[in-house]
Amino acid sequence: MNNFKNLRGTVDLLPEELIKWQNIEKLIVDQLFRASVKEIRTPIIEMTELFMRGIGEATDVVSKEMYTFLDRGERSCTLRPEGTASVVRALIQNGISSKPSQKLWYMGPMFRYERPQAGRQRQFHQLGVEFVGYESVRSDIEIITLAWDILEKLGIKELNLEINTLGDQTDRSNFKDAFLKWLEVNKDSLDIESQKRIDKNPLRILDTKNVQTKSILEDAPRLFDFLSEKSIERYLIIKEKLKLLKIPFIENFNLVRGLDYYTHTAFEITSGALGSQSTVCGGGRYDNLISQMGGTETPAIGFAIGLERLILLSGKDLEQSRETDIYIVNKGFHAETLAMDLSRKLRNYDLKTELDLSGGSFSKQFKKANKIKSKSIIVIGDDEASNQEFIIRLFNNKNSENQEQKIAIEDSIKLEEWINKNLLFKKTSEK
Ligand code: ATP
Ligand code: MG
């Protein structure tokens with residue numbers, strides 16, 4: 001016996017739990033497919049530099065939360081803490097970023113060294129969507145509605161969409177000057193954490209959770225007052241379109257992203273049904289990131305959803321697994337070989353089947369079929385084997401006698417007819 005344990009902040013996802021994960025992932029992937037969003041997969045490990053540049057050294061993620069180490073070739077590597085930087089790198093590197101109109105999604109594990117608690121892990125999973133090469137207001141709306149609809153389809157309750165606008169770079173640098181002046185005067189009234197941000201990442205102070213700092217900030221200059229007419233116009237159209245599409249939202253002027261490459265729309269979706277880690281989805285426009293990372297100037301907008309929080313929020317109906325359609329009871333040397341053969345054939349249909357491998361008595365095998373509530377069973381014993389046939393019948397059904405049938409092993413047509421009549425199925429593939 002050893003005492004190995006998983007690392008703090010990581011979890012094993014066991015088969016029963018994974019049913020919910022798989023159901024949720026399927027629903028998401030189907031929804032994205034229907035919206036013509038294509039998948040992209042990038043490595044989980046990247047050069048540390050990429051995240052320093054792509055997320056920003058002043059952020060908590062880069063300064064405190066990254067899993068960074070030297071590999072055997074003395075290169076600094078980092079387990080990805082988020083997906084956008086890698087997607088942008090992959091697009092630039094593969095010469096795709098200059099082509100317009102990329103609608104992309106990714107899903108997978110991310111790593112951040114944080115204090116683990118409900119809905120917060122060190123290895124967690126995100127679904128991200130990035131629209132690259134899209135500038136129009138309608139792309140902002142499509143991004144927001146995609147995120148919103150996924151969450152609604154998963155039956156998540158008490159959803160709130162919060163939106164804000166950060167304007168363009170000029171708007172923000174005008175605001176930043178005024179804000180820094182205000183901060184200089186009010187520095188001592190702020191909490192320590194916010195004070196530290198003044199030099200590194202002042203915009204992020206607006207996002208503080210400290211109650212006292214929050215109330216002091218009420219008197220600070222507002223980013224909104226520094227927006228150009230054009231930026232305001234853009235924001236007003238977004239609000240109008242959301243109203244027309246009947247997507248409820250609230251405006252949150254403190255919703256900021258601390259880095260210079262973020263522009264215009266920023267949004268978050270929270271759920272009142274989650275405790276303190278209430279944000280399920282964060283997103284926004286990043287028109288300056290791709291050029292900042294060495295690509296040609298390309299507008300883009302995206303979001304990321306935390307899957308662990310979706311799991312906590314989604315309903316019981318997503319915990320249901322599909323029932324077994326056919327359980328194959330078999331005993332005896334020849335019977336067992338025939339059963340294997342038949343079991344392989346049955347995998348040509350969209351049926352969930354299970355071949356009993358126990359070699360136990362017929363009654364034990366029937367009990368197992370009963371326990372897992374299989375819809376039907378196939379029975380092959382020595383008698384059936386010597387006749388090259390098997391018995392198939394609905395299980396636990398009052399009329400099962402009527403539906404019982406002997407079928408010759410070679411008679412696929414008769415088998416198909418029985419399945420067709422008694423089980424709902426789709427043929428998947430034939431060799
Ligand atoms: P938070 O304020 O909760 O730390 P964040 O601003 O760091 O969130 P983003 O980087 O925008 O989060 O990531 C998008 C989403 O990923 C979050 O809204 C959340 O649902 C999820 N997420 C982020 N960090 C974690 C984590 N450590 N464990 C689980 N989910 C996470
Ligand atoms: Mg965080």
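The values are calculated or read from the model by the stated rules, or taken from the named source; none is laboratory data. As the structure is a prediction and not an experimental result, all values here were calculated from the model. Reconstructed Cβ throughout: ideal geometry from the backbone, glycine too, with neighbour counts over all protein chains shown. Ligands, DNA and RNA are excluded from the accessible area calculation, which covers all protein heavy atoms including side chains. Shrake-Rupley method; radii C 1.70, N 1.55, O 1.52, S 1.80 Å.
Here region 2-95 has an Rg and Dmax of 17.0, 49 Å, counting Cα atoms alone.
Using alpha carbons only, what's the Rg to Rh ratio of region 295-338 with Rh from Kirkwood?
Values: Rg = 24.3 Å, Rh = 16.6 Å.
In region 295-338, Rg relative to Rh is 1.46.
Give me the Kirkwood hydrodynamic radius of region 101-141 in Å, from all C-alpha pairs, to one decimal place?
Values: mean 1/r = 0.0810 Å⁻¹.
With all distinct Cα pairs of region 101-141 included, I get 12.3 Å.
Rounded, prolate or oblate: pick one for region 352-422, where a ≥ b ≥ c are the square roots of the eigenvalues of its C-alpha gyration tensor, a/c under 1.5 means rounded, and failing that, prolate if a/b is larger than b/c, else oblate. Spell out each step's value before the answer.
Details: a/c = 1.74, a/b = 1.14, b/c = 1.52.
Oblate, since a/c reaches 1.5 and b/c is not below a/b.
Here the convex hull built on the C-alpha positions of region 277-427 has a volume of 216 cubic angstrom per residue.
Averaged over residues, the count of other Cβ atoms within 10 Å places the peptides 178-184, 306-312, 75-81 in the sequence 306-312, 75-81, 178-184, highest first. Under a Gaussian network description of the chain, with springs only between Cα atoms under 10 Å, the residue in R322, R120, R72 that fluctuates furthest is R72.
Each residue was assigned an accessible area with a 1.4 Å probe, and for Y349 the value is about 20 Å². For K421, K241, the ranking by accessible surface with the largest value first comes to K421, K241, using a 1.4 Å probe.
Report, in cubic angstrom per residue, the convex hull volume of the C-alpha atoms of region 43-125.
Numbers: hull volume 9.1 nm³, N = 83.
Taking only Cα atoms, region 43-125 has a hull volume of 110 Å³ per residue.
The Cα-based radius of gyration of region 115-166, divided by its Kirkwood radius, gives an Rg/Rh of 1.04.
Using θ = phi - 60° in the Karplus curve 6.51 cos²θ - 1.76 cosθ + 1.60, the 3J(HN,Hα) couplings for region 341-349 round to 4, 5, 4, 5, 4, 5, 6, 7, 10 Hz; x is entered for Gly and Pro. Where the alpha-carbon atoms of the chain are placed on the principal axes, they occupy 93, 56, 44 Å, in descending order. When restricted to Cα atoms, region 170-327 yields an Rg and a Dmax of 19.8, 75 Å, respectively.
Ordered from largest to smallest accessible area (heavy atoms of protein chains, 1.4 Å probe), the residues R138, R122, R53 come out as R138, R53, R122.
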